[in-house]
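Everything on this sheet refers to the single structure shown next.
We did not get these values from a lab; they are worked out from the coordinates using the rules stated. These figures come from a predicted structure and were not determined experimentally. Reconstructed Cβ throughout: ideal geometry from the backbone, glycine too, with neighbour counts over all protein chains shown.
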Amino acid sequence: MISCGLQKLKSRTLFLGLLMSFVLVVLFHFLSVTNASNSTQPKREVHALWTHPPAVGNTPEATRKFIDRCKQANIDTIVIMIKGSSGEIYWQSKRFPQAIAKGYEKFDFLGTLIKEAHAQGIKVDAWFCDFIEGLDGAAYREHPEWAELNPDGNTTASEKLGHTRSYDYVWMCPARRPGYVDQWLIPMFEEVAKNYPVDSVHHDYVRYPGDVAPDSYCFCDYCLAHLPQYAMLSYRTRPEERYRVKFNQPRIEANWWSDPTMLPGDWNQMDRREKADFIMNGRTIPGGPPDMRYFFYDYRQQQIKTFVKQLATTIRGLDRKIEISAAVFKNPILSSRYIGQHWNDWTPWIDVYMPMTYRSHFAGSFDSYLDHLTETTAKQIEWVNHERPIYAGIATTYLYREELQPIDDIRDRVTELKALAPNDSKGRAEKARAIRTSFDVMKPHLAEVAPEVEKEIAGLVDAVVAAGGSSSASIAADNLLARIKRLRSDLPAGYFQPEKLVRSIEAARKANPAGIAIFAASNLDIEKLWPAVETAFKR
């Protein structure tokens, strides 16, 4: 009896063991098939939208309406500007209340936006304009010593945008410590990350001011003292000893390793202009090429990279996971030279790149742009070695160069006409004819999409032309200029053909980026392009 029972027990145990093995084999096979299927299934394209606060509004109702619009357009991520290019901020800051934008002092704009966005399954990326501040902004007002300086000791507010427009921005030195980076900018990022459930924080203007003066900043006292130390252009020990190049090789530049002292002996007696001139035009080897500026470019790249790393260390040191994204120029090789933005070196500290592959950064026709957009996006993915997602950045306004040009031409010619002397009848008549020519370019398309608007503007143009060189031309010019400005700020539906935006998105998709980022929500309102985004982003 006992022997029989043991035999049955062994048989049952063997059966259960075989059954368990069979179940495990089946389960392993199922998981393997599922994982293989998931690994081959392409990830869903991310749809991001850069957004300025005025496009959202400053009430809960306006915010909710905006989020509903984004949901309808299949937007996954809202990149919301919370530190603007004038230094203004859009959150309830306890540390920097003096920087809060007017109209947002009592409304918790960022908190409301996050709450409404998350309720709709939309992520929020907090967008900071890093190193740029307003001439009247709190940072520069309180700490003018933090500003970048050119060789003449002036800030970027001394520059011109174009030939005539004032540049009312002050760029802050990325290198100086203590200074703007550790006393102002990183604490702002940290305050937002600690107090708001943002999904990520976003770098913009994470560079030097290449839009106005690529080679002129920064020559502040701090940089002039630290750039030579960074590149070790002379020894700090035994400073009285000077070492000359030993010309052992026939090619002058081949003697670079012979341990020369590169700083001039009278460096400490030079003024700012003389030091800047040496850094930009000096020679590492006497008789060699004027190559000293290499250290200037390398120094600037290192300062931006150091900040990016420092910010990532701060953000990732917090308890919860927050990603870090960056809006960058299209080509990290060019931007490293001109603005210190060698962004493909930042992959350890950036989770998502949003290159500004805007048409304004390309020459040529619209069709040429489409080809270059595909090629450039593919190259960007290659530059980061497929290590980080690339969201192809497309700015809607710049796609419509042909449609905007006659509007801008009319505005400029009218402005020039108004600036002419009252007795310059010949010059006034020439400007009036140029206005007519520009209007004739836009007239057929405007008449097609908004015939009433075309008739109204045609009448105003006729009045300017009829006035010719007479003094009454100024009144007619004022009326036309006002109407052109209204046209530019509220374009008729269809004036910007939606097909251009859709084709641009499709061109970027050919390179298989991880996502598409559109600049910006306010433009979509003005240009009546929300339906085009909805079409292009249809799931």
Alpha carbon centroid spacing (whole Å) that separates region 395-452 from region 478-533
20
Could you pull out every one of the lysines with an alpha carbon less than 17 Å from that of Lys102, ignoring same-chain neighbours closer than 8 positions?
Lys83, Lys94
Between Gln120 and Gln405, what length comes free when the chain is fully extended (0.36 nm per residue of separation minus the Cα-Cα distance, one decimal in nm)?
98.7 nm
Note down the magnitude of the dipole of the chain about its Cα centre, charges +1 on Lys and Arg C-beta and -1 on Asp and Glu C-beta and zero elsewhere, to the nearest 20 debye.
1560
Which whole-number percentage describes the relative contact order of the chain, with Cα contacts under 8 Å and a sequence gap of 6 or more?
14
Between Ala482 and Thr313, what length comes free when the chain is fully extended (0.36 nm per residue of separation minus the Cα-Cα distance, one decimal in nm)?
55.8 nm
When a/c is below 1.5 the answer is rounded, else prolate if a/b is larger than b/c, else oblate, so apply that to region 402-489 with a ≥ b ≥ c taken from the square roots of the Cα gyration tensor eigenvalues.
prolate
Proximal charge balance of Asp221 [Cβ under 11 Å; K/R count +1, D/E count -1]
+2
Using a Förster radius of 30 Å, what is the FRET efficiency between Arg320 and His386 based on their Cβ-Cβ separation? Nearest 0.05, please.
0.65
Estimated FRET transfer efficiency (Ser360, Asp271; beta-carbon r; R0 56 Å; 0.05):
0.90
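What does the extension gain come out to for Arg141 and Ser85, with contour length at 0.36 nm per residue minus their alpha carbon separation?
18.7 nm
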Could you tell me which of rounded, prolate or oblate describes region 177-267, using a ≥ b ≥ c as the square roots of the eigenvalues of the alpha-carbon gyration tensor, with rounded for a/c under 1.5 and, failing that, prolate when a/b is larger than b/c and oblate otherwise?
prolate
Can you give the local net charge around Ile304? Use residues other than it whose beta-carbon is closer than 12 angstrom to its beta-carbon, Lys and Arg +1, Asp and Glu -1.
+1
With a cut-off of 8 Å between alpha carbons and a minimum separation of six or more residues, what is the relative contact order of region 221-299 in percent?
29
Using 7 Å Cα-to-Cβ label points, what is the Val449/Asp168 separation (nm, one decimal)?
3.0
Here is the link list: Lys65/Lys500; Lys500/Lys528; Lys43/Lys538. Which ones come out longer than 18 Å on Cα distance?
Lys65/Lys500
Counting Lys +1, Arg +1, Asp -1, Glu -1, what net charge surrounds Glu382 among other residues with beta carbon under 15 Å of its beta carbon?
+1
Amide H neighbours of Trp171 under 5 Å, at least 5 residues apart or on other chains, H built in the peptide plane: list them.
Glu133, Glu148, Thr156, Ala157
Count, lysine Cα pairs under 20 Å in region 402-489, 8 or more residues apart or across chains
8
Given an 8 Å cut-off on Cα distances and at least 6 residues of separation, report the relative contact order of region 402-489 as a percent.
36
Placing +1 on the Cβ of each Lys and Arg and -1 on the Cβ of each Asp and Glu in region 221-299, which of Tyr230, Asn255, Pro290 has its Cα farthest towards the positive end of the resulting dipole?
Asn255
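Which FRET efficiency value, to the nearest 0.05, is calculated for Lys538 and Ser158 with the Förster distance at 60 angstrom and r the Cβ-Cβ distance?
The calculated FRET efficiency here is 0.80.
Where does the chain land at 222 nm, in deg cm²/dmol rounded to the nearest 500, when only DSSP H runs of n ≥ 4 count, each adding -39500 (n - 2.57), divided by all residues?
-15500 deg cm²/dmol
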